[in-house]
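Structure record follows, encoded as structure tokens.
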Amino acid sequence: MARDRSPKCKQCRREGIKLFLKGERCLTEKCAIERRSYPPGEHGRGRIKQSEYLMQLREKQKARRYYGLLETQFRTYYEKANKQGGITGDNLLRMLETRLDNVVYRLGFAASRAQARQLVRHGHFSVNGGRVNIPSYQVKPDDLVSLKTGSGAEQIVRDATDLTAAVAPWLQADHDGLSGTVLKWPERAEIDTPVSEQLIVELYSK
């Protein structure tokens, strides 16, 4: 399975914002953004000429890294969102938010999306009682996501719930029973992803 193996902290520094790619470390003063808020590389502290294309590209890269997707995967989501009715940017974020690995993270069952992806890939979670090991699986309203009975990752999941400050309003979590329910499709106002999706749409629509 292809994945981005570049240093997580450098990705955050490149985008100039915390993407919460390393779980608990991102909440401490060890976070790279806290210590070096400028982009990586020898020219990181230099002035960069801003252009319309650069702003659009940075928003796309930020969203892609936030959800842990490769370029081909991300573009596929955009093309699907563009074919749906309604606002393309909202459709794109809704599909990204309802990926199973993101839902596991949003429920507080993993410290990061990378950890959520690994837990799902190793078959520790089920949807409506059926084992699902595909991180990109799209959940729907009324779906029940739960940790498999007897899972060896139970302590890891419980440790992650201790770091959870809040659960997304379109989800309902039972941290004692290690299960969660998708209450509805997420609306744009309920998605706290720090990106301007309109810039992404403008980039791909050229």
Looking at (1) more than 15 Å from the chain's Cα centre (by Cα); (2) part of a helix (DSSP H, G or I); (3) among the hydrophobic types (A, V, I, L, M, F, W, C); (4) modelled with pLDDT of 60 or more, which is the only condition C9 fails?
-> (4)
Members of the range 153-206 that are small (G, A, S), in contact (Cβ under 8 Å) with a residue 24 or more places away in the chain, under 21 Å from Q115 (Cβ atoms) and not in a helix (DSSP H, G or I) | A153, A168, A173, G177, S179, G180
Determine which member of the set T164, T193, T88, T181 is among the β-branched types (V, I, T), within 23 Å of R65 (Cβ to Cβ) and at pLDDT 95 or above.
-> T88
Examine the range 95-112 for a residue that is in contact with a Ser or Thr (Cβ under 8 Å, 6 or more places away or on another chain), farther than 24 Å from Y66 by Cβ and among the aliphatic types (A, V, I, L, M), and state whether such a residue exists.
-> no
Would you be able to say whether some residue in the range 118-126 is on the phi > 0 side of the Ramachandran plot and either over 13 Å from the mean Cα position of the chain (by Cα) or crowded, with 20+ Cβ neighbours inside 10 Å (or both)?
-> yes
Per-region count, the range 167-178, residues closer than 19 Å to Y67 by Cβ and in contact with a Phe, Trp or Tyr (Cβ under 8 Å, 6 or more places away or on another chain) | 1
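The values are calculated or read from the model by the stated rules, or taken from the named source; none is laboratory data. Predicted model, so just to flag it, every value in this text is computed and none were measured. We place every Cβ from the backbone using ideal geometry, glycine too, and count neighbours over all the protein chains shown.
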